[in-house]
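The values are calculated or read from the model by the stated rules, or taken from the named source; none is laboratory data. Just so we're clear, the structure is a prediction, and the values are computed from it rather than from any experiment. Cβ sites come from the backbone with ideal geometry, for glycine too, and all protein chains shown count toward neighbours. Side chains are part of the model used for accessible areas, which takes the heavy atoms of the whole protein and leaves out ligands, DNA and RNA. Shrake-Rupley method; radii C 1.70, N 1.55, O 1.52, S 1.80 Å.
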Amino acid sequence: MAKIFTWDQLFSRRQFIKGAAGTVLGASAGLGLLAPDKTFAGSSSSIPSDSAESKEIKKVTTICEQCVWRCGVIARVENGLVKKLEGNPDHPNNMGKLCPRGNAGIETLYSPDRIKFPLIRAGARGSGLWRRASWDEALTYTAEQIKKIKDKYGAKAMMFNSTDNLSQPFFEILLKAYGTPNYGTQRSLCFNAMTTGFYYTYGVPQPGTDYKNCKYMIFAGRNLAEGISNNETQEMIEMIARGTKVVVLDPRFSKTASKATEWLPVRPGTDSAFFLAILNVIIQEKLYNQDFITTYTQGFDDLVQEVKEYTPEWAEKKCEIPAATIERIAREFVAAAPAAIAHPNWRTSNFKNSFQTERAIAVLNALIGNWAKPGGLIPDQEINTAKLGVLSHPPFPPAQGMRLDGVPWQYPLVPLSYGVIQTMRDNILTGKPYEAKGWLISRQNPILSIPERQKTINAFMKLDFVAVIDIQASDTAYYADVILPESSYLERYDGLIPIGDKIFIRQPVIEPLYDTKSSLMIYKELADKLGLGDFLPYKDERDLLAKQLKPYPISLEELEKAGHYVVPNFQKDYSKDFEFQTSSGKIELSSSIMAQMGKKAVPTWDEPPRPSQGHYYLLTGKTAQHSQMFTQNNRWLLEVFPENRAWLHTSVAARLGVKTDDKVILESDVGKVTIKAQVTEGIRPDCIFMVGGFGHVSKGLKSAYKLGASDSALHKTVTDPLSGGSALSETFVTVSKA
């Protein structure tokens, strides 16, 4: 009988060598999920050194994946070891610069906690007991379980989840070929309110912003100095240095607020009151762009009637920003038009009324006529992006059954491609409208990201089968039945990425260190075993990339060497800038679709809940040194941001007798955590803030395990019925000294 190892047991070099397909394995307390193989014999916890006197040095151009921004990278490789990562100056997403996360990609590659070969669960789910499997066994097992679910319950009983990445389109092909309607992304936990708010106004989910020419910017919670979107962050800093007026609405003194001209510590959930009052001033004082409104919008008269009551004096009582300040900002904003932007923002999963906030922001931009103007909003047009060659495959079978996430039967305004992942989780537990049986998850971590972590774990325990594709033992992988290990982004190909007139490639800078595969090959080989191989008609990654390059006179070898290709004579087409993909063909200040569905068609006030006596708003957000739930096991990044803390206002801390680094207990209706305090003047007294992504439960993440505290253990599940966004900030907590 094979010896069983748990995630916590030390895994020696000898044990690793003796490990075979029938051996049950667990994570090492000292050496990671598995001990290093012969490539790095003798080096258990650090990047290997190269002592050879003669060095073979090469530079390889690729794309980063330490977050979703896809920055250009040039890797310096010495004798087969990646020694340095630099920003690619030819890549528009980062213009030669890497953020802290991008610089730490080497540690992600050489982490001892990498999953080094396929694993199949060998004990109870969540026990941490695994056995090593070959790829053929792991993929055959996965395909058999997925087939069994389809044969017995129908394809609808299987859920597929992924997040924004270069291989995502091929994951979507696999799930559509399988025939399930149940596809989930992270969007409802992030920006559903923003994308739907702008979609039902302009017909595009997210227009661009012209930082380079902007003279006045209003950010409502957008924190580019910490939630880094590389080139946007650079452009924002340059914009501030140039003297652009920047106003930041945020209950917390974020790093972006520290760079701004003016910080407005708005009461959480009342941003819409501020923007409705701005609309009121602009309309009452006739400061709007009449020609633009007449030519390109519809619904202005309805908007005028709605905002009459939303005066600055009314808003002051709601958002706690002085009426005089609101009036002044409204006039300053118009004076800078059209080179003025009320930013669309990003993570807008805050309150149920966040959709109304985003609609008000979208409409405000329309009133000053900044669309397609220097310093204003930039139309998001695929027409001005190079087109790749596409795969030819059979037509997809019709998906059978209602979606588990309530789209569209519960959330009719949410696009099918977005979904509502927290409702999908809830309906696994309720078994309505039908029982879910399986979940295939690629590059996503629902257990750490969805509110009410214990509820998500309970949902996993109810399923017949869970398969996870990841490079490390995430919290979600810890509760899987099979883990299919993906190669790191420095070891694999992904789909090509066109940006404007350029086509970029992610390619391996070294050969895979372990028995891992690219997601492109995992999807392909799984499709073959499911009898769906015709839907992913490529032999390997290089064959796929060659098909994507087919429209252009460049070989894959040439692209690999150059790192990118510039499409010759590429002509941008601005003729469709003012063809809005809405029902009316115009910017809809009053949404015709919302009116048809019996919803308020113009931006309106929706009173958010307030915390009761002794309770505080729980705010969550990002730091520049980590990416959501992914990088907390990266030891380099932990050196500069070792754990999250609870920001407490000095008055609250004084009342509790708490100093910075003292431990406090935060408790909500659904959970309780212990976390170190950070005492500061930089937050409203009625709020507590914590960076997300910490408090991992997976013992396979040795550096991150139980480090800090998880916001998902505290967040209640509250969903906006219009956008499907998870209203994370409608969770209130108490705080006490530990």
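Quick notes on this one:
- By the rule of a C-alpha distance below 17 Å, with chain neighbours fewer than 8 residues away ignored, the lysines paired with Lys255 are Lys245, Lys622.
- Å² per residue, accessible surface of region 55-172 at 1.4 Å: 35
- Phi to ³J(HN,Hα) by Karplus 6.51 cos²θ - 1.76 cosθ + 1.60 over region 367-375, Hz, x for Gly, Pro: 5, 9, x, 8, 5, 6, 10, x, x
- Length gained on full extension, Lys672 to Glu144: 186.1 nm, using 0.36 nm per residue less the C-alpha separation.
- The packing ranking of peptides 512-521, 284-293, 388-397, 414-423, highest mean first, is 414-423, 512-521, 284-293, 388-397, where packing means the average number of other beta carbon atoms within 10 angstrom of each residue.
- Percent accessible area from carbon and sulfur atoms, the chain, protein chains only, probe 1.4 Å: 51
- Gained length - Leu656 relative to Ile554, 0.36 nm times residue gap less alpha-carbon distance: 30.1 nm
- Residues whose placed amide H lies under 5 Å from that of Ala225, excluding near-sequence neighbours: Thr256
- Restraint check, Lys317/Lys599; Lys147/Lys599; Lys148/Lys524, Cα-Cα greater than 31 Å: Lys147/Lys599
- Under 12 Å, Cβ to Cβ, from Glu435 - net charge with Lys/Arg +1 and Asp/Glu -1: +4
- Taken per residue, the accessible surface of region 375-525 reaches 30 Å², heavy atoms only and a 1.4 Å probe.
- In summary, the aspartates and glutamates within cross-link reach of Lys706, defined as a Cα separation below 18 angstrom excluding same-chain residues under 8 places away, comprise Asp8, Asp113, Glu452, Asp475, Glu639, Glu643, Asp661, Asp662, Glu667.
- Viscosity 1.306 mPa s, temperature 10 °C, Stokes-Einstein D of region 289-434 from Kirkwood C-alpha radius, µm²/s: 81
- Stokes-Einstein translational diffusion, region 141-285 - Kirkwood Rh over all Cα pairs, 1.567 mPa s, 4 °C, in µm²/s: 69
- Residues in region 377-412 that a label on Ser583 would reach, taking backbone N under 11 Å of a point 7 Å out along Cα→Cβ: none
- Arg252 - accessible surface, heavy atoms, 1.4 Å probe, Å² rounded to 10: 10
- All other residues whose Cβ lies under 15 angstrom from that of Lys152 are scored, Lys and Arg at +1 and Asp and Glu at -1, for a net of +1.
- Between the beta carbons of Gln613 and Glu313, assuming R0 = 25 Å, the FRET efficiency works out to 0.40 to the nearest 0.05.
- Summing Lys and Arg as +1 and Asp and Glu as -1 over all other residues whose Cβ lies under 12 Å from the Cβ of Asn88 gives a net charge of +3.
- Ordering of 726-733, 463-470 by burial proxy (mean other Cβ atoms within 10 Å per residue, highest first): 726-733, 463-470
- Cα→Cβ-extended label distance, 7 Å offset, between Gln596 and Ile237, nm: 4.7
- Asn569 paired with Asp534, simple spin-label distance in nm, labels 7 Å along Cα-to-beta-carbon: 3.8
- Interchain or long-range residues, amide H under 5 Å from Val73's placed H: Thr62, Ile63, Cys64, Asn88
- Dmax and Rg, reported as Rg then Dmax, of region 452-584 (C-alpha, Å): 19.9, 56
- Separation in nanometres of the label points that stand 7 Å from Cα toward Cβ, at Ala738 and Tyr434: 4.6
- Normalised by the number of residues in the chain, the average gap of Cα pairs under 8 Å and 6 or more apart makes the relative contact order 18 percent.
- Straight-distance candidates among the lysines for linking to Lys702, with alpha-carbon spacing under 16 Å and chain neighbours fewer than 8 residues away dropped: Lys116.
- Pairwise Cα distances in the chain exceed 54 Å for 7 percent of all pairs.
- Rolling a 1.4 Å probe across the protein heavy atoms gives region 203-309 an accessible surface of 36 Å² per residue.
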